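In what follows, a structure is listed as structure tokens, so that the remarks can point back to it.
The values are calculated or read from the model by the stated rules, or taken from the named source; none is laboratory data. All figures in this text were calculated on a predicted structure; none of them were measured in a lab. We place every Cβ from the backbone using ideal geometry, glycine too, and count neighbours over all the protein chains shown. When the accessible area is computed, the model is the full protein with side chains, heavy atoms only, and any ligands, DNA or RNA have been set aside. Shrake-Rupley method; radii C 1.70, N 1.55, O 1.52, S 1.80 Å.
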Amino acid sequence: MLRTKALPLLQTHIAGLVAQRVHQLASIKHMCGLPEKRRQALLYPFNSLEEHLSSQVSQEEFKIFYPSLEELRQAETLFTPSSKHSIDYSTSAVRFDHVPLLKQPEVCFMGRSNVGKSSLIRALFSLAPEVDVRVSKTPGHTKKLNFFTVGKAFTLVDMPGYGYNAPRDFVEMVEPYLLDRQNLVRTFLLVDGGAGLQKADLVAVEMCEEFNLPYVLVVTKIDRTRQGTLLALTLQLRDFIKNQTSTCFPQPFLVSSVQFSGIYLLRCFITHVTGNLQLNAKQS
């Protein structure tokens with residue numbers, strides 16, 4: 001009898017602990033009370049760089065994907081779990097022949113060790129804090145292909161980091177996945193905002209180009225990067241994409257997993273490229 005009565009109290013306590021783990025800016029509704037300039041910087045990080053941009057540079061090049069606030073809200077619902085829409089860690093694999101057979105669209109995240117990949121994925125899933133995305137202070141913590149299912153909408157794959165402390169069989173693990181995964185619709189290649197494109201990143205770019213994969217560059221840790229440095233890197237990436245790539249999305253994305261800048265926009269892009277949200281006159 002006591003156990004029966006105690007169960008609702010325990011469930012309430014657990015729900016309270018989960019709620020405490022939700023970042024205060026995880027949802028758009030939580031940041032709508034902020035000053036306009038701060039709100040715009042969170043929703044569209046490039047806006048905060050516009051005042052430093054030369055008049056000879058077109059701002060539209062950095063607003064190719066520029067959804068409305070309502071579209072951002074619609075995308076957010078896909079990252080919000082419910083009784084009919086679960087968001088869960090699914091499984092891990094160390095070889096391509098061990099990956100789960102899934103038909104729904106898939107996106108994968110890859111980047112150098114310590115680029116902030118797992119932190120970014122945790123921020124994307126911050127509305128579902130019970131999802132276990134392990135973040136480590138030790139570079140190269142991710143050693144497997146980790147699969148996260150977002151209802152029946154899509155799957156997100158956390159790839160092992162390359163570079164320092166990468167798995168010895170990194171190439172054997174990653175190349176077959178990128179080359180043969182039929183439901184992979186977009187690869188997100190992360191670039192450290194403070195370090196810029198490194199040699200290891202260029203190898204990853206070459207691999208995406210060789211396999212004719214649609215991919216996008218995502219600049220991480222922008223909260224640690226001075227605006228002048230960030231603007232220079234953004235312009236560099238724009239030129240790099242335009243002149244040296246053929247399958248890369250022309251607009252780099254800027255994100256901060258700490259301040260949540262760009263998280264809403266990236267959620268919306270993922271929702272769009274997986275076919276779960278149609279936007280008017282937007283490229284993908």
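Listed highest first by mean packing, meaning other Cβ atoms within 10 Å per residue, what order do 146-155, 235-244 come in?
Ranked from most to least packed, the peptides come out as 146-155, 235-244.
Amide H to amide H under 5 Å from residue 253: which residues, 5+ apart in sequence or cross-chain, H placed 1.01 Å off N in plane?
Close amide H contacts, sequence-distant or interchain: 217, 218, 219.
Calculate the spin-label point distance for residue 170 paired with residue 57, positioning each point 7 Å from the Cα along the beta-carbon direction, and give it in nanometres.
About 3.0 nm separates the two model spin labels.
Taking the Cα centre as origin and putting +1 on Lys and Arg beta-carbons and -1 on Asp and Glu beta-carbons, what dipole magnitude results for the chain, to the nearest 20 debye?
On the way: 31 positive and 25 negative charges, 210 e Å.
For this selection, approximately 1000 debye.
Any idea what the dipole of region 26-100 comes to, in debye rounded to 20, about its Cα centre with Lys/Arg Cβ at +1 and Asp/Glu Cβ at -1?
Values: 8 positive and 10 negative charges, 64 e Å.
Value, rounded to 20: 300 debye.
How would 255, 171, 273 rank on accessible area, largest to smallest, probe 1.4 Å? Walk me through the intermediate numbers first.
Working: 255 0, 171 75, 273 20 Å².
In descending accessible area the options line up as 171, 273, 255.
Of the listed peptides 80-89, 28-37, 114-123, 193-202, what is their order by residue-averaged count of other C-beta atoms within 10 Å, with the highest listed first? Write down the numbers at each step before the final one.
Working: 80-89: 13.2, 28-37: 11.2, 114-123: 22.5, 193-202: 16.2.
Highest mean packing first, the order is 114-123, 193-202, 80-89, 28-37.
Heavy atoms only, probe 1.4 Å: what % of the accessible area of the chain goes to carbon and sulfur, would you let me know?
Its accessible area is 51 percent carbon and sulfur atoms.
Under 5 Å between amide H atoms, partner at least 5 residues away or on a different chain: which partners does residue 90 have, H built in plane at 1.01 Å?
147, 148, 149
Could you work out [θ]222 nm for the chain from helices alone, using -39500 (n - 2.57) per DSSP H run of at least four and dividing by all its residues? Round to the nearest 500 deg cm²/dmol.
Working: 9 runs with 102 residues, N = 284.
Dividing the helical sum by the residues of the chain leaves -11000 deg cm²/dmol.
Compute the accessible area per residue over the chain, keeping the other protein chains in place, probe 1.4 Å, unit Å². Please report the intermediate quantities before stating the final value.
Working: 14300 Å² over 284 residues.
Value for the chain: 50 Å² per residue.
Rounded, prolate or oblate: which fits region 183-284, taking a ≥ b ≥ c as square roots of the Cα gyration tensor eigenvalues, rounded meaning a/c under 1.5, else prolate when a/b beats b/c? Show your work: numbers first, answer last.
Working: a/c = 1.78, a/b = 1.13, b/c = 1.57.
It comes out oblate by the Cα gyration axes.
Hey, what did region 182-232 get for relative contact order, percent, Cα under 8 Å, at least 6 apart?
Numbers: 48 pairs, mean separation 26.0, N = 51.
Relative contact order comes out at 51 percent.
Report, by chain and number, residues whose modeled amide H sits under 5 Å from the one on residue 194, excluding near sequence neighbours (fewer than 5 apart, same chain).
Amide H to amide H, under 5 Å and 5 or more residues apart or across chains, residue 194 pairs with nothing.
Quick one: compute the contact order of the chain, relative version, from alpha carbon pairs under 8 angstrom and 6+ residues apart, as a percent.
On the way: 450 pairs, mean separation 67.4, N = 284.
Relative CO of the chain lands at 24 percent.
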